[in-house]
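Notes follow once the structure below has been shown.
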Amino acid sequence: MDKQKYLELYSQMVLIRRLEERGAELYQAGKIGGFMHLYIGQEAVCTGLIAARQPQDRVITAYRDHGVAISCGIPANQVMAELMGKTTGISKGRGGSMHMADVTRNFWGGHAIVGAQLPVAAGLALGDKYAGRDGVTICMFGEGATNIGYFHEALNLSKVWTLPVLWVCENNIYGMGTAVGRASAVSEIQQKAEGYGMEHERVDGMDVIAVYEAAQKAIAKVRAGSGPRMMEILTYRFRGHSMGDPERYRKQEEVKKWEEHDPIGAFHVYLVENNKATKKELEDIEARAMDEVQKAVEFAEASPEPSLDTLFDNVYVEEV
Amino acid sequence: MARITMREAISQAMWEEMERDPKIFILGEEVGVWGGSYAVTKGFYDHFGAERVRDTPISEAAIIGAAIGSALTGLRPIAELMTINFAFSAMEHIVNEAAKLHYMFGGQFVLPLVIRAVGGGGRQLGATHSQTPDAVFAHFPGLKVVSPGTPADAKGLLKAAIRSNDPVLFIENATLYQLRGEVPEEDYVIPLGQSTVQRTGKDVTIVTYSKGLEISMKAAEELAKDGIEAEIVDLRSLRPLDMGPVIESFKKTNRAVIVEEGWKSYGVGAEVASRIYEQAFDYVDAPVVRVAQKEVPLPYNRALEQSALPQPADVVAAVREVL
Ligand SMILES: Cc1ncc(C[n+]2csc(CCOP(=O)(O)OP(=O)(O)O)c2C)c(N)n1
C-alpha cells in the first residue's frame, strides 16, 4: 500500500469523526432533528471496507450511515445539509440522518428498518448478475439485525442464486441496549453464515488496514464468482445508540476500555511508528478535516429550506 | 384525581394489572434493562424481574408470534412493538394469526393478547418512522383496535384491553406521552368499543381520536372565540367502532368534520363519513369534511413535515366550510 493510500484512509476517518462530533453539537442546539445514530468508534469499518471497492460495487447499509456516506464519496457539505434538512442535502432534506443515498456514487442508502436492506441487497446483486456486470454488492448491517427474519431470507436467497453479495456484519456488541449474548443464539455472528453454506471470516474492526485487506480479498473472491460470503467485523460504538440514550445497559469503564483501541488513535500511532507519516502531516490532515466540517456547516446553514410547494415531489415517478 | 401524563397513565395501567395477575407479562425490544425506548416500562424490570419483563431480539414476527402462542396456553402477554412502523414486520402474525385463530378454529382458540405500539409523525423521523397506519389494522375483523387521546382513557382502556380475551392492538401516539390530564385514583376500566363526547357544543360535530383529539380541542378553542361551539366525539376504539355518540351529536348539529392524523384515502374518516351518511342521511345539512395527513410519505424537513400533518388551523377551516 502506498503512502498516499494510508493518508487517505486516515483523513477519511478523521473527517467522519469531526463531522459527527459537530453533528452532535448541532443536534443539541436543535439544528438537526429526528433520530441520529453516530458512528463514532466504528470509522475504521466503513473506511477500510469501502476503500476496497471498485466504482461498480454497490454499497447499502442501515440508518447509521453518515460514515458510509462519506466513504462512498459524498461531500461533507451534502451530508451536513441533509442532517439540517436542506434542499442541498443528498436526499434533498427528505431523508434526514437515517436516510441518505447517492446512486451516482453507488450508495444505495441508509435504511431505517432493521434488516430491511438485506433482501434489497440481494436484489441489487441479482440485477448485476442478470445483466452480466461484474459489480459486487456490499451490504452492511449490525449484529442485532441478524436476529430478524429478513437476514435469514436474504442470506439463503443469495446462496441459492449464487448472488455477488458481500454480507458485512458490523458487530458493535449492542443492538440498542441489548448485548449480543442476550439476543443472538450465537455471539460469534459469522457462525450464522455456516447455516447457509457460506464462507466467512472475522476481522478486527478497530484496525483500518485489517479491514481494508480483508475486504479486498473478500470482494475479489465474490467478483470472481464465489457466490456470497460473510465478513463479521468486530467494533464498538463509543456513543449512545442514538442521541438521548441513557446508556443504562453498559458501564462507562467498558466504554473507556474500548476507547483505548480508538481506531483513529491506533492508526495514528501505527503511521508514525512505521514511518508512514509524520506527526506534522497528520496534524495537517486534522486541520483540513476541521476546516471541511466548518465549511460544510456554513454551506448547510446558508442553503435554502425546501419550499412547501415541493411537498408532493417524488411521490411517484409519473404524473398522477 | 391525580394529574399525570399519558406515559404515566399507560405505565400505571400495566403495573397495576401485573400486580393483580401473575399471568400477565411484557415482551418486546428494550422493554427491560433499557426501561422502554419511550420509558413507558421504566422500573418494571427491577420490580417484576426478567421472567415477566422480557427483552427480545429484534424479531418482530417472533415477538407477536410467541405472544400469540403463550396466550393460547393461558398467559396474558403484553407485546410491545417499539413503534407501529415495525408492526409491518409482524404483519403475518397480527393479521393471519391473531385476528383469525378464534374464528377459524370454531372458537377453540382464545388469545388474551395486547399489542402496544406507538405511532404518529411530527418528530422529524422521516418516512419509515412516522406513520399512522391505524386504519390498516382496523380493517381486519377479529382484531380490536384502540387508540386513546387522554391519560384517563389510556389507563382505563389499557386495563380493559389487558383483561379482554380478544387480541387488542393498543396504539399510542408519541407526541401525546407528555400530555397531562386528571386520572382517577381508584381501579377502573373503560370498556373497549365506546365512543365518548369530550367537549359539548351545538354547531358542528368533530369526530376524532388520539392525536386528532388534541388538534381538535385547540381548533374548538379558536372557533369558540367566534361563538362557534364544536362538539367533539372521541372514538377511542376504531374496532369495534361505536357510532352511537357520533350519530346522536350529528342529529343535533347536522354537520361533521372528521379529524385523523393518518392519510385520508381509505382512512378512519372515510369509514365514519360513510356511516354518517348511512345512519343519518336525513340530517345532513352539509357534506362531511375530512381533515387528515397529506398523501405523502412524511419528509424529514420540519416545515415540510408539519405542512403535511393536520393542524388546528385545518380543522378550523374545515368547520367553516361545513357551517
Ligand atoms: C424492524 C425494526 N425493529 C426495531 C427497530 C428499532 N431499532 C433501530 S436500531 C435498533 C438496534 C439495531 O442494532 P444493530 O442491528 O446491532 O445495529 P447498530 O444500531 O448497533 O448499528 C433497533 C432495535 C427498527 N428500526 N426496525
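The values are calculated or read from the model by the stated rules, or taken from the named source; none is laboratory data. Bear in mind the structure is a predicted one, so any value in this text is a computation, not a measurement. Positions of Cβ are backbone-derived with ideal geometry, glycine not excepted, and every protein chain shown enters the neighbour counts. With ligands, DNA and RNA removed, areas are computed over all heavy atoms of the protein, side chains included. Shrake-Rupley method; radii C 1.70, N 1.55, O 1.52, S 1.80 Å.
To keep it simple, each residue is scored yes or no on (1) at pLDDT 95 or above; (2) among the basic types (Lys, Arg); (3) within 14 Å of the ligand (Cβ to nearest atom).
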| position | (1), (2), (3) |
| --- | --- |
| A:GLY144 | yes, no, yes |
| A:TRP161 | yes, no, no |
| A:PRO164 | yes, no, no |
| A:TRP167 | yes, no, yes |
| A:SER184 | yes, no, yes |
| A:GLY205 | yes, no, yes |
| A:TYR212 | yes, no, no |
| A:LYS217 | yes, yes, no |
| A:GLY227 | yes, no, no |
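Starting from residues that are open to solvent by less than 10 Å² (accessible area, probe 1.4 Å) and under 26 Å from A:HIS241 (Cβ atoms), keep the ones in segment A:111-136 and report whichever is farthest from the ligand (Cβ to nearest atom).
From segment A:111-136, those open to solvent by less than 10 Å² (accessible area, probe 1.4 Å) are A:112, A:115, A:117-118, A:121-122, A:125, A:128, A:135-136; that's our starting set.
Remaining after also requiring under 26 Å from A:HIS241 (Cβ atoms): A:112, A:115, A:117-118, A:121.
Values: A:ALA112: 6, A:GLY115: 6, A:GLN117: 11, A:LEU118: 11, A:ALA121: 15 Å.
Taking the candidates together, the pick is A:ALA121.
Of all residues in segment A:62-101, which are outside any helix (DSSP H, G or I), more than 14 Å from chain B (Cβ to nearest Cβ) and either in contact with a helix residue (DSSP H, G or I) (Cβ under 7 Å, 6 or more places away or on another chain) or modelled with pLDDT under 95 (or both)?
The answer is A:CYS72, A:GLY73, A:ILE74.
Taking the condition among the hydrophobic types (A, V, I, L, M, F, W, C), farther than 27 Å from A:GLY33 by Cβ and in contact with a Ser or Thr (Cβ under 8 Å, 6 or more places away or on another chain), does B:VAL272 pass? Reasoning before the result, please.
Values: among the hydrophobic types (A, V, I, L, M, F, W, C): yes; farther than 27 Å from A:GLY33 by Cβ: yes; in contact with a Ser or Thr (Cβ under 8 Å, 6 or more places away or on another chain): no.
Here the answer is no, as B:VAL272 does not meet what is asked.
Select from segment A:25-49 the residues that are open to solvent by less than 50 Å² (accessible area, probe 1.4 Å), within 16 Å of the ligand (Cβ to nearest atom) and of a type in the set (A, V, I, L, M, F, W, C) and list them in ascending order.
Of everything in segment A:25-49, those that are open to solvent by less than 50 Å² (accessible area, probe 1.4 Å), within 16 Å of the ligand (Cβ to nearest atom) and of a type in the set (A, V, I, L, M, F, W, C) turn out to be A:MET36, A:LEU38, A:ILE40, A:ALA44, A:VAL45, A:CYS46, A:LEU49.
Given the conditions (1) within 11 Å of another protein chain (Cβ to nearest Cβ); (2) in contact (Cβ under 8 Å) with a residue 40 or more places away in the chain, and given that A:ASN156 satisfies all but one, which numbered condition is not satisfied?
Only one criterion is unmet by A:ASN156, namely (1).
Please find, among A:SER242, A:SER187, the residue that is part of a loop (DSSP other than H, G, I, E, B), more than 21 Å from A:GLU43 (Cα to Cα), among the hydroxyl-bearing types (Ser, Thr, Tyr) and within 14 Å of chain B (Cβ to nearest Cβ). Before you say what the answer is, go through the steps one by one.
Working: A:SER242 fails: more than 21 Å from A:GLU43 (Cα to Cα).
It is A:SER187.
I need the full set of residues from segment A:248-272 which are modelled with pLDDT of 95 or more and either of a type in the set (Val, Ile, Thr) or within 14 Å of A:ALA179 (Cβ to Cβ) (or both), in order please. Spell out the reasoning first.
From segment A:248-272, those modelled with pLDDT of 95 or more are A:249-272; that's our starting set.
Those that are modelled with pLDDT of 95 or more and either of a type in the set (Val, Ile, Thr) or within 14 Å of A:ALA179 (Cβ to Cβ) (or both): A:TYR249, A:ARG250, A:LYS251, A:GLU254, A:VAL255, A:TRP258, A:ILE264, A:VAL269, A:VAL272.
Might you check whether a residue that is within 14 Å of chain A (Cβ to nearest Cβ), over 21 Å from B:GLN124 (Cα atoms) and either surrounded by 23 or more Cβ atoms within 10 Å (Cβ to Cβ) or at pLDDT 95 or above (or both) occurs anywhere in segment B:222-245? Break it down into steps so the answer makes sense when it comes.
Residues of segment B:222-245 within 14 Å of chain A (Cβ to nearest Cβ): none.
No.
If you check every pair at least six apart or on different chains, which have Cβ atoms under 8 Å apart with a residue in segment B:93-111 that is in the same structural domain as B:SER59 (by TED's automatic domain parsing) and on the phi < 0 side of the Ramachandran plot first and a residue that is open to solvent by less than 20 Å² (accessible area, probe 1.4 Å) and among the aromatic types (Phe, Trp, Tyr) second?
B:ILE94/B:PHE137
Please work out which residue is surrounded by the most Cβ atoms within 10 Å (Cβ to Cβ), limiting yourself to segment A:301-316 and to residues that are more than 10 Å from chain B (Cβ to nearest Cβ) and farther than 14 Å from B:PRO297 by Cβ.
Applying the first criterion (more than 10 Å from chain B (Cβ to nearest Cβ)) to segment A:301-316 yields A:301-304, A:316.
Next cut, farther than 14 Å from B:PRO297 by Cβ only: A:301-304.
Working: A:GLU301: 13, A:ALA302: 10, A:SER303: 19, A:PRO304: 10.
Per the stated criteria, the residue is A:SER303.
Which one of B:SER216, B:SER210 is assigned by TED's automatic domain parsing to the domain that holds B:VAL268, on the phi > 0 side of the Ramachandran plot, surrounded by 24 or more Cβ atoms within 10 Å (Cβ to Cβ) and at pLDDT 95 or above?
Working: B:SER216 fails: on the phi > 0 side of the Ramachandran plot.
On inspection, the qualifying residue turns out to be B:SER210.
State whether one or more residues within segment A:187-196 are away from the ligand (no atom under 16 Å from the Cβ) and open to solvent by less than 60 Å² (accessible area, probe 1.4 Å).
yes
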